[in-house]
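Working notes, beginning with the structure itself.
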Amino acid sequence: MFTRSVRNSFVRAGPIRLGPVVSKRLYSQAQNGGINHKRILIGLGLLAIGTTLYGTTNPTKTPIAFVEPATERAFKDGDVSVIFVLGGPGAGKGTQCAKLVSNYGFVHLSAGDLLRAEQKREGSKYGEMISQYIRDGLIVPQEVTIALLEQAMKENFEKGKTRFLIDGFPRKMDQAKTFEEKVAKSKVTLFFDCPESVLLERLLKRGQTSGREDDNAESIKKRFKTFVETSMPVVDYFGKQGRVLKVSCDHPVDQVYSQVVSVLKEKGIFADNETENK
Ligand code: C5P
Ligand code: MG
């Protein structure tokens, strides 16, 4: 194995390490009759082997990267149980979370709800910015959303709550990585899959009574685009790690809910002896 790797790197290293500068000098010396061709070839060969072996055996050749101390997560593994809940706008995330809250004692934290509350909070310096992002269906800068979530988790944790459904989050790769690095690691992501036509119909209906400034045709179009381009990569990222539980949500609420419970049980999120309405 060693020999093969040396040989492979020799093949790769040859033309790169022995670039035009070396070859040109040896070539002109040969032209002047100073060195014969055989000696040039032997010289080149030895130089290539030498540089390759040096590169393979001398780890200090690469500059030593500065290793940052590991940052502590706000919640240690085992302290809390976090489930991310994702799906297009109107997929029914909130409805399903509400059922899990009453039946299994989860705390439901909706990133969108927290942002809307912050937007309305008197004296908030982020209110205007949040409003603009929400109307445009864009993702609010992660610092704001993560701070709101962390604060809400801490308040609940102090009251003894340890199970969290984090709904509508993470909606962008940076949110996913920062949250798992600095706040808590998630167990799984519950992903509600739904055709866009169904979502559109639901959202327009909801818009008649919701009073939300983004439940209108123009904002909905922008939210769909953001979901596909920015949020789906997060689902794919966790999916590749085997951490996504997909549920099809184009069904009546109770049917979707029984799928939710069964995938969570399969994954061992609920204890075997755990029953509903505890
Ligand atoms: O989840 P919900 O539909 O309530 O989110 C409404 C809006 O809040 C999103 O369209 C987006 O502008 C903002 N949001 C965000 N980051 C999140 C969740 C929501 O920027 N993680
Ligand atoms: Mg919601």
With each pseudo-label sitting 7 Å past Cα toward Cβ, what's the ARG135-ASP193 distance in nm, one decimal?
3.7
The range 79-214: D in µm²/s via Stokes-Einstein (Kirkwood Rh, Cα pairs, 10 °C, 1.306 mPa s)?
101
Sorted by packing (mean other beta-carbon atoms within 10 Å per residue), highest first, where do 141-151, 235-245 land?
141-151, 235-245
What is the sum of charges around LEU148, taking Lys and Arg as +1, Asp and Glu as -1, for the other residues whose C-beta is under 12 Å from the C-beta of LEU148?
-2
With no solvent and one point on each alpha carbon, what is the Debye value of log10 I(q)/I(0) for the range 194-241 at q = 0.22, 0.28, 0.30, 0.32 Å⁻¹?
-0.79, -1.00, -1.07, -1.13
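So how strong a dipole does the range 164-278 carry about its Cα centre when Lys and Arg Cβ are +1 and Asp and Glu Cβ are -1, to the nearest 20 debye? Numbers along the way, then the final one.
Details: 20 positive and 19 negative charges, 65 e Å.
The dipole of the range 164-278 has a size of about 320 debye.
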Please go through the residue pairs LYS125/LYS265; LYS159/LYS221; LYS205/LYS225; LYS99/LYS125; LYS99/LYS221; LYS182/LYS221 and name each one whose alpha carbons sit more than 31 Å apart in this structure.
LYS125/LYS265; LYS159/LYS221; LYS99/LYS125; LYS182/LYS221
Integer Hz, Karplus 6.51/-1.76/1.60 couplings in order for the range 236-242, x for Gly and Pro
5, 4, 6, x, 5, 8, x
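With the Cα gyration tensor of the range 188-278 giving a ≥ b ≥ c as the square roots of its eigenvalues, does the rule (a/c under 1.5 for rounded; else a/b larger than b/c for prolate; else oblate) give rounded, prolate or oblate? Write out the running numbers ahead of the final one.
Details: a/c = 2.76, a/b = 1.54, b/c = 1.80.
Since a/c reaches 1.5 but b/c is at least a/b, the shape of the range 188-278 is classed as oblate.
If R0 is 30 Å, what FRET efficiency do you get for LYS185 and GLU122 from their C-beta distance, rounded to 0.05?
Details: r = 35 Å, r/R0 = 1.16.
Approximately 0.30, to the nearest 0.05.
No lab work stands behind these numbers, since they all come straight from the coordinates. The structure displayed is predicted, hence computed values, not measured ones. All Cβ positions, glycine included, derive from the backbone under ideal geometry; neighbour counts span all protein chains shown.
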